[in-house]
Amino acid sequence: MAIQYQENGRIFTLHTDHSTYQMKADSYGNLLHLYYGDRTEGSMEYLLTFGDRGFSPNPYEAGDDRTYSLDALPQEYPYQGSGDFRSPALAVEQADKSYGLNLRYGGYEISKGKYSLPGLPSMYGEGLEDAESLEDAESLKIHLTDQVSGLAVTLLYGVFPGYDIITRAVCVKNEGNGPAALKRVYSACLDFLHGEYDLIQFYGRHAMERNFQRTALCHGAQVIGSRRGTSSHQYNPFLILAGRETTENHGPCYSMSFVYSGAFKAEAETDQYGQTRMSMGLQDEMFSYELKPGEIFFGPEVIMGYSGHGLGTLSRSIHKAMRRSLCRGKYKTIPRPVLINNWEATYFDFTGEKILDIARQAKELGVEMMVLDDGWFGKRDSDCSGLGDWQVNVKKLGGSLGSLVSRINGLGMKFGIWMEPEMVSEDSSLYREHPDWAFAVPGRKPVRGRSQLVLDFSRKEVADYIFDSICRVLDSAHIEYLKWDMNRSIADVYSAAGKMAGGDSPGSILYRYMLGLYDLLERLTKRYPDLLIEGCSGGGGRFDAGMLYYTPQIWCSDNTDAVDRIRIQYGTSFGYPISAVGSHVSAVPNHQTGRITPMKTRGVVAMAGSFGYELNLSAISEEDKNCVREQIDAYHKYWHLIHDGAYYRLTNPFEDREAAAWLFVREDKGEALLNTVALETHGNPLSLYIPLEGLDPEAMYRDEDTGTEYPGAGLMSAGIPIPPRTGEYQAFQVHLRRI
Ligand code: DGJ
């Protein structure tokens with residue numbers, strides 16, 4: 001059993017293959033966190049120490065024992081009002097307008113399989129999705145209750161032993177007689193009794209997402225989050241706490257990934273006693289959720305990972321877990337079509353014939369799917385109008401969508417389409433008919449973003465209308481892929497639905513918006529099980545574990561420059577599987593940076609993801625066309641390594657200036673693909689030696705192109721020489737097979 005309960009001491013132990021998590025309901029009924037780290041047996045209660053510490057108060061039940069304080073003890077789910085003055089996971093304004101809360105242990109349930117969360121995405125175990133090699137998960141529920149108000153909190157834990165992953169979520173039920181307002185609901189909290197840690201987080205901006213930043217934790221909280229209604233380009237809902245000495249291959253590290261795509265908050269703080277608390281959950285600014293008697297609230301899931309052997313192992317566990325037990329649908333396990341998207345080739349300036357020309361040329365070079373991006377519907381020749389009017393612009397396309405798609409299918413290509421369902425332009429029929437469907441505060445002008453407004457998906461009739469509009473498009477032609485875009489942040493958090501007048505506060509709107517979106521996506525994936533949906537929010541503005549439940553790939557960034565992408569994809573790789581990274585070869589000079597990189601390099605970088613093109617292939621040289629043919633062949637040949645292999649970051653592009661390198665290794669170590677891109681070139685260039693990882697040290701490997709043979713142990717200790725670079729940004733791939 002992965003989950004064990006020891007009656008004597010009321011200790012809960014959660015085991016994965018390489019980690020152990022432990023907590024205890026103590027004699028006062030407080031749930032104390034005991035341990036999270038390398039796998040161990042037995043009780044870790046000995047770690048708790050008690051001392052009389054000034055200004056760390058004592059619960060009433062402790063009587064005269066001034067050494068017992070929740071301000072100093074490690075908590076499993078800390079809450080406001082308990083006498084713990086660190087950052088709480090739960091804060092409630094009770095019906096009596098107090099912040100009083102006293103959560104006491106009230107029992108547990110252990111079950112086979114993984115819990116699910118109504119209306120919210122979450123990881124699943126065996127039996128929930130038809131696929132091989134799913135993890136056999138177990139679940140634990142721990143019940144806590146507040147006698148006075150009747151508030152009942154259930155902590156949910158899912159244990160995936162083989163992935164070394166534990167999930168957490170929380171459910172709050174009002175079993176009292178009066179309404180309670182939830183002011184903060186975090187889903188996970190980890191208290192560490194001692195140790196010095198670095199916080200690793202992934203900040204960014206539009207077109208430059210998920211930069212790696214590692215800073216030493218000090219006294220005082222480091223807080224990241226999003227107030228934008230989306231998980232955001234600015235701070236990704238993924239965090240790592242690492243030992244000061246932890247590297248890619250050594251040392252302890254802990255991660256939290258939020259399975260949620262809306263506003264979030266995550267914190268790490270070292271307290272007065274040198275203890276550290278890391279937590280993650282819903283953004284509490286502009287949040288207030290009124291829970292009426294009998295109502296239940298679910299906080300989204302947090303996926304927790306632990307590795308005692310560095311950041312690389314941690315990432316590989318997360319990759320495997322998300323790939324196999326979070327992503328769903330037909331394309332979870334089979335190769336996805338190599339696509340061409342017309343956005344950077346045409347922007348809004350296209351006709352049906354132009355799209356067909358792009359498709360014809362692409363097909364000739366081996367591309368498998370044509371994706372028609374923004375501009376095919378309503379009045380949409382710029383980004384100032386048309387959103388919401390999901391009727392095809394027959395004049396622009398020169399016919400119906402159905403006829404264009406048949407002609408593309410006739411070329412032997414699949415067809416995909418772009419939509420931005422959550423948005424409306426003021427210059428649209430939809431807005432003219434239903435101005436109140438867009439978020440706006442009564443009596444005030446709304447904040448515009450990319451000249452558009454956000455539809456209020458917290459209202460069922462709005463989401464239903466959009467669902468029907470999407471279905472009409474998808475049913476009108478043979479469409480096998482949908483790019484789901486979302487191009488602004490949500491500013492005017494007010495619903496005109498009327499329910500707010502009844503006492504519900506705008507503080508629940510962003511959460512309800514997400515439930516509306518998830519419900520729509522769930523209905524869509526059920527109705528079109530074979531549809532491949534690619535998530536997108538101006539590139540990587542909603543690159544999160546929540547979206548991965550519905551969209552197994554996400555457009556990683558609007559920045560398609562190969563050199564910038566090395567950094568963006570490096571940062572992304574810490575918390576997300578390579579199969580999730582939408583990545584395309586585009587034209588040079590690159591439209592975002594003006595940089596010129598070789599075609600081969602653009603291919604090698606884009607191949608570290610779900611691969612495609614985004615340029616007019618008729619406009620490139622014959623030499624580059626041949627390169628495209630080779631790239632597509634290579635992608636097919638290496639797909640199983642890229643998609644399912646173990647991923648190793650061999651360099652850090654934020655620090656290593658000479659070259660970037662990453663490696664895919666088949667799970668049985670029988671095959672590997674090394675990728676390198678030179679970043680700097682200098683006179684009298686030297687060979688660069690890159691030590692590989694994850695190979696079989698006992699085996700010999702052969703370079704499949706040159707026939708050169710290498711000892712596995714040698715490749716890992718002394719490295720492989722990369723020939724001197726003779727031009728800027730040159731790329732190499734080395735395909736190794738065990739002999
Ligand atoms: C933002 C996306 O990230 C781009 O790829 C493109 O689809 C545009 N939107 C279209 O408006």
Looking only at aspartates and glutamates whose Cα falls under 14 Å of Lys330's and that sit 8 or more positions away or on another chain, we get Glu129, Asp130, Glu132, Glu480, Asp530, Glu534
Rg (one decimal) and Dmax (whole number) from the Cα set of the range 259-409, in Å, equal 23.8, 71
For the range 1-101, listing trypsin sites (Lys or Arg not before Pro) in a DSSP loop whose Cβ sees at most 12 other Cβ atoms within 10 Å gives Lys97
Computed on Cα atoms, the radius of gyration and Dmax of the range 197-324 in angstrom are 15.6, 51
Computed over the range 301-353, protein heavy atoms only, probe 1.4 angstrom, the accessible area per residue in square angstrom equals 26
GluC sites (Glu not before Pro) in the range 638-692 lying in a DSSP loop, each with at most 15 other Cβ atoms within 10 Å of its Cβ, come to Glu655, Glu667, Glu680
Amide H neighbours of Val581 at under 5 Å, excluding residues fewer than 5 places away on the same chain, with H built from the backbone geometry, are Ile554, Ser610
For the range 281-380 the GluC sites (Glu not before Pro) that pass both the DSSP coil test and the at-most-15 other-Cβ-within-10 Å test are Glu285, Glu295
For the chain, the percent of accessible surface on carbon and sulfur atoms (probe 1.4 angstrom, ligands and nucleic acids excluded) is 50
Over its alpha-carbon atoms, the chain yields an Rg and a Dmax in Å of 26.5, 85
For Lys24, the aspartates and glutamates lying under 14 Å Cα to Cα, once residues fewer than eight places off in the same chain are dropped, come out as Glu7, Glu45, Glu76, Asp191
Helix 401-410 sits off the longest principal axis of the Cα atoms of the chain, rounded to the nearest 10 on a 0 to 90 degree scale, by 60
Karplus-derived 3J(HN,Hα) from phi for the range 469-474 (6.51 cos²θ - 1.76 cosθ + 1.60, θ = phi - 60°), whole Hz, x at Gly and Pro, runs 5, 5, 4, 4, 5, 5
Residue-normalised value, i.e. accessible area per residue, for the range 599-739 at 1.4 Å probe, in Å², stands at 42
Length gained if Lys97 through Ala713 is fully extended, taking 0.36 nm per residue and subtracting the Cα-Cα distance, is 215.2 nm
Filtered hits (lysines, Cα-Cα < 25 Å from Lys396, offset >= 8 within chain) -> Lys354, Lys363, Lys379, Lys414, Lys483
Computed, not fitted: 222 nm per-residue ellipticity of the chain from DSSP H runs ≥ 4 (each -39500 (n - 2.57)), nearest 500, equal to -6000 deg cm²/dmol
Between the modelled labels at Glu622 and Ser288 (7 Å from Cα along Cα→Cβ) the distance in nm is 7.2
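The values are calculated or read from the model by the stated rules, or taken from the named source; none is laboratory data. What you see is a predicted model, and the numbers here were worked out from it, not measured in a lab. Note that we place each Cβ from the backbone using ideal geometry, even for glycine, and neighbour counts take in every protein chain shown. These area figures cover heavy atoms from the full protein model, side chains too; ligands, DNA and RNA do not enter into them. Shrake-Rupley method; radii C 1.70, N 1.55, O 1.52, S 1.80 Å.
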